[in-house]
Amino acid sequence: MGKLDGKVAIITGGSGGIGSAAAKLFAGEGGRVFLVDQDPDALQRTVSEIGAEQADCMVADVTDSGQTQGYVAAAVEKFGGVDIALLNAGIEGIITPITDYPDDMFDKVMAVNVRGVFLGLKYVMPAISNRGGGSIVITSSTAGIRGTTGMSAYITSKHAVIGLMRTAALEGAEMNIRVNTVNPAPIDTRMMTSIEEQRGLPAGDRSNRPMAKALPLQRYGEPEEVARLMLFLGGEDGSFCTGGVYMVDGGVSAGPRPM
Ligand code: NAD
């Protein structure tokens, strides 16, 4: 028996590194997954790997209100309802100081990472309520609890979704909807490679990357390690967890590794 037998999960950013790992883990636990992302080929590849009985997808932009209503309605239509949502789509923006940061890039990062989560909550909470309750997991970051140079938009956005999560947890409680954030970093996906490249860091082997060396466990996390926390919070293992901020970060938020 799987931990998600009979459950339906919407996953935004569902063909990305963390989203597709979560989709495969959730399906392996008996859940059905509805993936939302912008790249039709990547979406289809992930659906094919899981199998059409348990997975479907839709190309949608999470910043668009109509498309958000559309993906929630399509998931309900396809699988009969929604129990879990992983609001996980995100972009990193560019890395440059605030004094040089382009206004339009700031707006773009905030649109995907914050407005996208707000719209997801707005339209998925009624659908989950119709099932008698469920769970929503928002992907924040260690960038949601501390700062770093050059990433003002990303840092701001990942702090902001913790505020959204706390509001949604309080409002969702009476609908039996739990809402939490997972706060990863650094996880070995396209996004982390982009951040390394933008910072001009050499691409070493996994144990030798400079950013990995700075954290207590001295390695990058795998997308599956985030997915397992999403499974805990999304399913019944996390039945008393709501309004929480859950780190999955190799110890980086605890402080620097001793020299
Ligand atoms: P990723 O780039 O592989 O996945 C992000 C996905 O979001 C992509 O598939 C992308 O197409 C999708 N997306 C972007 N804009 C979208 C839009 N407007 N509408 C729909 N989909 C859109 O990176 P990832 O590491 O898997 O990131 C997933 C989440 O994890 C993001 O929210 C990211 O900020 C967060 N995160 C990642 C790390 C890390 O170290 N990789 C650390 C902390 C937090």
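The distance between label points at Arg45 and Met259 comes to 4.3 nm (points 7 Å beyond Cα on the Cα→Cβ vector). Shown is the FRET efficiency for Thr96 and Ala73, computed with R0 = 35 Å from the Cβ-Cβ distance and rounded to the nearest 0.05: 0.35.
The Cα atoms of the chain give a gyration tensor whose axes a ≥ b ≥ c have a/c of 1.5 or more with a/b greater than b/c, which makes the shape prolate. Residues whose amide H comes within less than 5 Å of that of Val33, counting only those at least five positions distant or on another chain, are Ala9, Ala55, Asp56 (H built at 1.01 Å from N in the peptide plane).
For the chain, modelled as a GNM whose springs connect Cα atoms under 10 angstrom apart, the maximal fluctuation among Thr148, Thr46, Thr193 occurs at Thr148.
Distance between the 7 Å Cα→Cβ label points at Leu170 and Glu236: 3.1 nm. When each full DSSP H helix of the chain is screened for a Cα extent of at least 20 Å along its own axis and an average Kyte-Doolittle hydropathy of at least 0.5, the helices passing are 116-130.
Under the combined filter of DSSP loop state and at most 11 neighbouring Cβ atoms within 10 Å, segment 1-94 retains these GluC sites (Glu not before Pro): Glu53. Using 0.36 nm per residue and subtracting the Cα-Cα separation, the extra length available between Arg190 and Asn130 on full extension is 18.0 nm.
Considering only Ser129, Val179, Gly16, the residue lying farthest towards the positive end of the dipole of the chain is Val179, judged by Cα position with unit charges set on Cβ.
Taking a probe of 1.4 Å, how large is the accessible area per residue of the chain, in Å²?
Working: 11630 Å² over 259 residues.
About 45 Å² of surface per residue is accessible.
Note on Met211 and Thr148: their simple-model spin labels are 0.5 nm apart, each label 7 Å out from Cα toward Cβ. The residue list Val248, Pro210, Ala168 was ranked by how far each Cα lies along the charge dipole of segment 140-259 toward its positive end, using unit charges on Cβ atoms, and Pro210 comes out on top. Measuring with a 1.4 angstrom probe and ignoring ligands and nucleic acids, Ile145 comes out at about 80 Å² accessible.
The separation of segment 53-85 from segment 111-180, counted between C-alpha centres, amounts to 17 Å.
The values are calculated or read from the model by the stated rules, or taken from the named source; none is laboratory data. No experiment lies behind these values; they were computed from the predicted model shown. All Cβ positions, glycine included, derive from the backbone under ideal geometry; neighbour counts span all protein chains shown. For accessibility, only protein heavy atoms count, side chains too; no ligands or nucleic acids. Shrake-Rupley method; radii C 1.70, N 1.55, O 1.52, S 1.80 Å.
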